[in-house]
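Visitor: Dropping a structure here in C-alpha cells format, bear with me for questions.
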Amino acid sequence: MSALPAYASTGQRVWHYSFRTICGLIFFFLIFPILVILPLSFNAQDFFTFTREMLAFDPAGYSFKHYEDFFTNPDWQQAMRNSFAIAPVATILATAFGTLAAIGLSQAHVPYRSVIMAILISPMIVPLIISAAGMYFFYSRIGLQGTYVGVVLAHAALGTPFVIITVTATLVGFDRSLVRAAASLGANPVTTFFKVQMPLIIPGVVSGALFAFITSFDEVVVVLFLGSAGQKTLPWQMFTGLREQISPTILAVASLMVAISIVLLTVLEFLRRRSERLRGLSPS
Amino acid sequence: MTIQTHADETNGTPEVLTTADGKPLKTSIARALRREKMRALLLIAPLLLFVIITFVAPIVDMLFRSVENQIVSTTLPRTVVELDSWDGTTGEAPGENVFNALHFDMTVAVERKNHTQLGTRLNYEESGISSMFRRTGRRVDDFGEIYADQFIDLNSAWEAPATWVSLMASPDWIAEQAAWVADRDAARANGTAFEQPEPAFAIREGVAEALPRTADIYQAFAEFIQTEDQDSPTEEEPWNAVYTGLHDDLLANPNAASAFSGETATLLSQAANAVSGFEKISLREAFIDADEDWGNPYYWGVIQTFSPSYTSGYFLAAADAELTPQGIQMKPEDEQIYLYLFWRTLLLSVTITFSCLLLGYPIAFLLAALPARSANLLMILVLLPFWTSLLVRTSAWKVLLQQQGVINDFLVWTGLVSDAGRLVMINNQTGTIIAMTHILLPFMILPLYSVMKTISPSYVRAAKSLGATDWTAFWRVYFPQTVPGIGAGAILVFILAIGYYITPELVGGTDGIFISNRIAYHISTSLNWGLAAALGVILLLAVMLLFYVYDKIVGIDNVKLG
C-alpha cells in the first residue's frame, strides 16, 4: 500500500490514487472544523462566517476584538478563574489516589481484582448524563450540590480511571526486581517508592494527570448540574453562549483551547517516547 | 530463608518443612501471601472508598430514586392507613373516616408546606390532582374552626395553651420544661448565651387511650411547634384540627374525663356533656366543597395506587405505560414519547457508529500501511481532534453548518445552491449525525489502527502469490483479521453515542435529540426526578450490557489511551 509498484496495472493505479484522495477528504473532514475557527476568531465583524474583507486578506477585516473581549469581559474572566480553581485540585486528588491504587492493582496477588477494577473504571464508562443525574440527586441530599467541593470531588472521580489506566500501562514494563534490590540494600518501602519506583513510572503518572486535568477542564455536563453560578467554568460559559448565540468571543476561546490541546498533545507525545526509551523499546 | 526438616513427634507425621524460625513453611508462605494481599488492598482502599462515596453511591441513589415513592405515605400517613380498606371498584368516594384522617394529614402538611409537593408528585400520574391539593390547602384550617369556636364559647379556658398542656403533657415533661424556662431566664438575666433547645414534648400516660385522635394530632402539633417554629406548645394555641379531634373523641368516649383528675377532669366532663349539642360539620362535604374532585373515586384510586413506599410507576412511565387503579395500561397514542425516543436514540447511534466505521476504516488502513514516520505525522490529524475540547468541536460545527455559515456561503458562492435555497443542516438529525460522527471518529480509528498494526503483511502477499486478486486478498484474508478491531471500535463508539448529551442539545434541534436530553429536561425543568432516574437506569443497563460485551471482546485492561 505504501508505494505503488512499477508493475501496477492501470486499475491498480486508479484505485491507489482514488483511495488516497478519499483518505485525504476524510482527514480534511477531521481537521477542517478545528482549523476553520482559528481565522474566524480574528473576524472584525460579529459574524460566524468569512466576510468579504477577510477573503480579500484586507487587514481591516481582521482584529483582536474577540480576544480583547475574552480578556476583559468579567463573565469570561470569572469562568476562566473557576476552571483553573477546579481542574488542578481535581487533578491532584485523582492523580494521588489513582497512582496508589494502580500500584496496588499491579501487585501479583490482589483479591477480587476484576471487581475492584470494574468499580474503579466505572466513572469512565457510565454516560456523563447518568453520572450527572446521580451526583445531582445524591449531592443535594448531603448538601454538596452547588458547592466548589462538590464539583471538585465529582471531577476527581471522573478523572481517576484515566490515571489508573496510564499508570497501570507504565507499571507493566516496570522491573519489580528493582524494588527487591533497593530493599536488599536497606531502603525502606517509602524510600524505595520515591527513589526507585516513582522516577521510573513518572511519565505514566504525568500523562495520567494530564488526562485527569483535561477531563475536568473540558467537562461540562456534570458541572452544569452540580455547580451553581459560582462554579461557572469555561465550558459551561461556552455552552450557554452557544445555546443563546451571544457573541463570537466563543471562537476566540475555542482557538485558545485548541492551543492548549496542542501543547498537551506535544507533552504527552514527548512523555510516551521517553517512557518507551526508558523501557528499552525502540521509538516507533 | 533456610529450610530445615525435623520429625514431628506428636502426631507421628515424619517430616514437616519449617522455616528458620521454626514455623511450618506452609503457614509462613500463607502469612507472606496474606501480607502481600493486605498491602495491595491498603494501596487500593483510598481510591476505592473515594470512588464509592463520590460516584457509586450517587448511582445507587439514582436506582433508589427510580422506585422510591415515600412521599404519599409520609405526607398522608393516616389517610393511607384508612384508605387501605377502601374498595375502589364500588364507584363511591371513600367514607367519612378517610376524610377525618385526611383532615389531620392535610392540616399537618399545610403547616409544613409540603402538600403542594405531594400534589406535584401525584400530578405526574393524573393531571388535575395538583390543583386539588393546592386549593384545599388554603381552606383546610377553616374546617375545624366551628368546633374551636364552640369549645371556647363553652369555656374560655380552652383558648389557653396552658389548659392544653396540663391536659396532654406528661407531668415529667411539665417539670423539665419549667426547669428549662428557669435556666433560660437565668441565662438571659446574666446576659450569657443559651443554646439548649426546649425538652422534646412527651404525652401524658393514658391520654392516647382516652382521647386517641386528640393525642395523635396534638403530638403532631407539639412536634411541629418545637421543631419547625422553634416555639413552645406552652405558648401557642392549638390548631383547629385539635379541637375537631377532641370533639370526635368526646362523642365516642363520653367518660374520657375519668382518666384525668383535678381541674382538667372537670373541664373535660363539662365539654363531654356539651359536645352532643354542638353544631356539626361533615368533613367529607367540607373537602368536596373545597374541591369537588375529592368526591371523584377515580382520584382516590390514584392516591390508593400510589400509597405504597415503592412504585414501578416511573419505569412504566419511561416505557409509555401507566399504573392506573385498573392495572397497567399503555398511555394513549398521542402521549407516547419515550419508546419512540429510545428507538430514535438507538437508530441515530447506529447511524453514527456506521458512519464512523465507514470513515474510520480507510484511515486506519492507510495509517497501518504507511511507514512509521509518515503514519505518525498523519496520526496528529487524528489525535488533535481527539484532544480538542468537545465544546470547541461542537461550536466549530455550529459555525460551519448554520444557514449563514461557512459551508452554505461556499455553496452559494460556487452556485451549487441559490441564496434562497440554503441548506438546513443544523438543529435537526443531520446536524447531530455530522457533528457526532466527527467527534467520535477518533474512537473508531484508534482501536482499528492498533489491530491493523499487528496484522502481518505477509498474509496478503501470500494470498496474492497464490493468485488472489487485490479484492479477494483484502476481503478473504485481510478483512477477517480486522473484525476484532471493528467490534471494539463499534461498541466503543456506540456506548459513547447513546449517552451523549451536549452535542445533540446544541445542534440537534427538536428531532435530533437523544434520551439523555430528556433526562436532563426532567432533572432541571420538569423536576420529575423519579422519571429522570428511571430513564437513567434503563440507559445505564443498556450501557452496562454493551460494556460487558466490550469486555469480552477487548478486556478492560486493554483499554488504551491515545
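The values are calculated or read from the model by the stated rules, or taken from the named source; none is laboratory data. What you see is a predicted model; the values in this text were computed from it and never measured. All Cβ positions, even for glycine, are placed from backbone atoms using ideal geometry, and neighbour counts span all protein chains on display.
Visitor: Going through A:159, A:146, A:104 one at a time, which residue ends up being at the interface with chain B (Cβ under 7 Å from one of its Cβ atoms), in contact with a helix residue (DSSP H, G or I) (Cβ under 8 Å, 6 or more places away or on another chain) and modelled with pLDDT of 90 or more? Don't jump to the end; show me each part of the working.
Guide: On the way: A:159 fails: at the interface with chain B (Cβ under 7 Å from one of its Cβ atoms); A:146 fails: at the interface with chain B (Cβ under 7 Å from one of its Cβ atoms).
The unique qualifying residue is A:104.
Visitor: A further question follows. State whether the residues of region B:342-352 include one that is surrounded by fewer than 19 Cβ atoms within 10 Å (Cβ to Cβ) and modelled with pLDDT under 90. Give the derivation first.
Guide: Residues of region B:342-352 that are surrounded by fewer than 19 Cβ atoms within 10 Å (Cβ to Cβ), as a first pass: B:343-344, B:346-347, B:350-351.
Within this subset, residues satisfying the condition of being modelled with pLDDT under 90 are none.
Within region B:342-352, not a single residue is surrounded by fewer than 19 Cβ atoms within 10 Å (Cβ to Cβ) and modelled with pLDDT under 90.
Visitor: Does residue B:363 meet the test of being closer than 30 Å to residue B:458 by Cβ and out of contact with any Ser or Thr (no Cβ under 7 Å at 6 or more places or on another chain)?
Guide: Details: closer than 30 Å to residue B:458 by Cβ: yes; out of contact with any Ser or Thr (no Cβ under 7 Å at 6 or more places or on another chain): yes.
Taking the combined requirement at face value, the residue satisfies it.
Visitor: Looking for whichever is at pLDDT 90 or above and at the interface with chain B (Cβ under 10 Å from one of its Cβ atoms) here; the options are A:96, A:87. Which one fits? Can you show your working first?
Guide: Values: A:87 fails: at the interface with chain B (Cβ under 10 Å from one of its Cβ atoms).
Only one candidate passes the filter, namely A:96.
Condition check ((1) under 16 Å from residue B:293 (Cβ atoms); (2) among the hydroxyl-bearing types (Ser, Thr, Tyr); (3) not in a helix (DSSP H, G or I)) across all residues:
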position: B:63; (1), (2), (3): no, no, no
position: B:106; (1), (2), (3): yes, no, no
position: B:109; (1), (2), (3): no, no, no
position: B:121; (1), (2), (3): no, no, no
position: B:127; (1), (2), (3): yes, yes, yes
position: B:130; (1), (2), (3): yes, yes, no
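Visitor: Another question, then. Is there a residue being under 24 Å from residue B:34 (Cβ atoms) and in contact with a Lys or Arg (Cβ under 7 Å, 6 or more places away or on another chain) anywhere in region A:162-174? Spell out the reasoning first.
Guide: To start, the set of residues in region A:162-174 that are under 24 Å from residue B:34 (Cβ atoms) comprises A:168, A:171, A:174.
This time we only want the ones that are in contact with a Lys or Arg (Cβ under 7 Å, 6 or more places away or on another chain), so: none.
The answer is no; no qualifying residue exists.
Visitor: Collect the residues in region B:130-160 that are in contact (Cβ under 8 Å) with a residue 12 or more places away in the chain and β-branched (Val, Ile, Thr), keeping them in residue-number order.
Guide: Result: B:136, B:140, B:146.
Visitor: Residues that are in contact with a His (Cβ under 8 Å, 6 or more places away or on another chain) and modelled with pLDDT of 90 or more: list the helices (runs of 4 or more DSSP H) wholly contained in region B:283-330 that include at least 3 such residues. Explain how you work it out, then say what you get.
Guide: Values: elements: B:283-290, B:297-305, B:313-318.
By residue number, no helices (runs of 4 or more DSSP H) qualify.
Visitor: Kindly evaluate residue B:499 against the criterion of being within 21 Å of residue B:352 (Cα to Cα), crowded, with 23+ Cβ neighbours inside 10 Å and more than 8 Å from chain A (Cβ to nearest Cβ).
Guide: On the way: within 21 Å of residue B:352 (Cα to Cα): yes; crowded, with 23+ Cβ neighbours inside 10 Å: yes; more than 8 Å from chain A (Cβ to nearest Cβ): no.
So residue B:499 fails the test.
Visitor: A further question on this structure: Let me spell it out: the conditions are (1) outside any helix (DSSP H, G or I); (2) free of Cβ contacts under 8 Å to residues at least 40 places away in the same chain, and residue A:191 meets all of them except one. Which number is the exception?
Guide: Unmet for residue A:191, out of (1) outside any helix (DSSP H, G or I); (2) free of Cβ contacts under 8 Å to residues at least 40 places away in the same chain: (1).
Visitor: Return the residues of region B:317-368 that are among the hydrophobic types (A, V, I, L, M, F, W, C) and free of Cβ contacts under 8 Å to residues at least 12 places away in the same chain; say none if nothing qualifies. Steps first, answer last, please.
Guide: Looking only at region B:317-368, we keep the residues that are among the hydrophobic types (A, V, I, L, M, F, W, C), and these are B:317-319, B:321, B:323, B:328, B:330, B:337, B:339, B:341-343, B:346-348, B:350, B:352, B:354, B:356-359, B:363-368.
Answer for region B:317-368, where residues must be among the hydrophobic types (A, V, I, L, M, F, W, C) and free of Cβ contacts under 8 Å to residues at least 12 places away in the same chain: B:321, B:330, B:343, B:347, B:354, B:358.
Visitor: Here is a check on your reading of the model: is residue B:279 out of contact with any strand residue (DSSP E or B) (no Cβ under 6 Å at 6 or more places or on another chain), part of a loop (DSSP other than H, G, I, E, B) and at pLDDT 85 or above?
Guide: Working: out of contact with any strand residue (DSSP E or B) (no Cβ under 6 Å at 6 or more places or on another chain): yes; part of a loop (DSSP other than H, G, I, E, B): yes; at pLDDT 85 or above: yes.
It is true that residue B:279 is out of contact with any strand residue (DSSP E or B) (no Cβ under 6 Å at 6 or more places or on another chain), part of a loop (DSSP other than H, G, I, E, B) and at pLDDT 85 or above.
Visitor: A further question follows. With the condition kept exactly as written, say whether any residue in region B:424-437 is within 14 Å of chain A (Cβ to nearest Cβ), more than 24 Å from residue A:27 (Cβ to Cβ), in contact (Cβ under 8 Å) with a residue 12 or more places away in the chain and not basic (Lys, Arg).
Guide: Yes, some residue in region B:424-437 is within 14 Å of chain A (Cβ to nearest Cβ), more than 24 Å from residue A:27 (Cβ to Cβ), in contact (Cβ under 8 Å) with a residue 12 or more places away in the chain and not basic (Lys, Arg).
Visitor: Now for a separate question. Condition first: among the hydrophobic types (A, V, I, L, M, F, W, C), surrounded by 15 or more Cβ atoms within 10 Å (Cβ to Cβ) and part of a helix (DSSP H, G or I). Now tell me which residues in region B:134-162 satisfy that. I'd like the intermediate steps shown before the answer.
Guide: Of all residues in region B:134-162, those among the hydrophobic types (A, V, I, L, M, F, W, C) come to B:140, B:143, B:146, B:148, B:151-152, B:154, B:157-158, B:160, B:162.
Still in the list and also surrounded by 15 or more Cβ atoms within 10 Å (Cβ to Cβ): B:140, B:143, B:146, B:148, B:151-152, B:154, B:157-158.
If the condition is that a residue be among the hydrophobic types (A, V, I, L, M, F, W, C), surrounded by 15 or more Cβ atoms within 10 Å (Cβ to Cβ) and part of a helix (DSSP H, G or I), then B:140, B:146, B:148, B:151, B:152, B:154, B:157, B:158 are the ones that fit.
Visitor: Collect the residues in region B:368-402 that are among the charged types (D, E, K, R) and more than 7 Å from chain A (Cβ to nearest Cβ), keeping them in residue-number order.
Guide: We begin by selecting, within region B:368-402, every residue among the charged types (D, E, K, R); these are B:373, B:393, B:398.
The one that is among the charged types (D, E, K, R) and more than 7 Å from chain A (Cβ to nearest Cβ): B:373.
Visitor: Out of curiosity, is residue B:416 farther than 19 Å from residue B:443 by Cα and crowded, with 22+ Cβ neighbours inside 10 Å? Spell out how you get there, then give the answer.
Guide: Values: farther than 19 Å from residue B:443 by Cα: yes; crowded, with 22+ Cβ neighbours inside 10 Å: no.
For residue B:416, the condition - farther than 19 Å from residue B:443 by Cα and crowded, with 22+ Cβ neighbours inside 10 Å - is not met.
Visitor: If you don't mind, there's one more thing I want to ask. Restricting region A:162-171 to residues that are facing chain B (nearest Cβ under 7 Å) and of a type in the set (Val, Ile, Thr), which is farthest from residue A:135 (Cα to Cα)?
Guide: A:166
Visitor: As an exercise: evaluate residue A:111 against (1) surrounded by fewer than 24 Cβ atoms within 10 Å (Cβ to Cβ); (2) under 19 Å from residue B:57 (Cβ atoms) and give the number of the one condition it does not meet.
Guide: Among (1) surrounded by fewer than 24 Cβ atoms within 10 Å (Cβ to Cβ); (2) under 19 Å from residue B:57 (Cβ atoms), residue A:111 violates only (2).
Visitor: Has region A:200-217 got at least one residue that is touching a His at 6+ places or on another chain (Cβ under 6 Å) and modelled with pLDDT of 90 or more?
Guide: So in region A:200-217, the residues touching a His at 6+ places or on another chain (Cβ under 6 Å) come out as A:216.
Within this subset, residues satisfying the condition of being modelled with pLDDT of 90 or more are A:216.
Looking for residues that are touching a His at 6+ places or on another chain (Cβ under 6 Å) and modelled with pLDDT of 90 or more, one finds at least one in region A:200-217, hence yes.
Visitor: Go through region B:12-48 and report how many residues are modelled with pLDDT of 85 or more and among the β-branched types (Val, Ile, Thr). Break it down stepwise before answering.
Guide: Step one: filter region B:12-48 for residues modelled with pLDDT of 85 or more, giving B:24-48.
From what's left, among the β-branched types (Val, Ile, Thr): B:27, B:29, B:44.
Number satisfying all stated conditions: 3.
Visitor: Right, here's the next one. Residue by residue through region A:166-186, note down the ones that are in contact with a Phe, Trp or Tyr (Cβ under 9 Å, 6 or more places away or on another chain) and either within 19 Å of residue B:52 (Cβ to Cβ) or surrounded by fewer than 18 Cβ atoms within 10 Å (Cβ to Cβ) (or both).
Guide: Selection gives A:179 alone.
Visitor: I'm checking my understanding of the structure. Among residues of region B:502-552 that are among the aliphatic types (A, V, I, L, M) and not in a helix (DSSP H, G or I), which one is surrounded by the most Cβ atoms within 10 Å (Cβ to Cβ)?
Guide: From region B:502-552, those among the aliphatic types (A, V, I, L, M) are B:502, B:506-507, B:513, B:515, B:519-520, B:523, B:527, B:531-535, B:537-546, B:549; that's our starting set.
In the following step, the residues that additionally are not in a helix (DSSP H, G or I) were identified as B:513, B:527.
On the way: B:513: 23, B:527: 13.
Taking the candidates together, the pick is B:513.
Visitor: Please give the number of the condition residue A:243 fails out of (1) closer than 30 Å to residue A:62 by Cβ; (2) of a type in the set (D, E, K, R); (3) more than 9 Å from chain B (Cβ to nearest Cβ).
Guide: It is condition (3) that residue A:243 fails.
Visitor: Next question. Hey, which of the helices (runs of 4 or more DSSP H) in region B:359-426, taking only ones fully inside, have at least 1 residues that are among the hydrophobic types (A, V, I, L, M, F, W, C) and under 42 Å from the mean Cα position of the chain (by Cα)? So that I can check it myself, show each step before the final result.
Guide: Values: elements: B:372-387, B:390-401, B:406-414.
The helices (runs of 4 or more DSSP H) meeting that bar are B:372-387, B:390-401.
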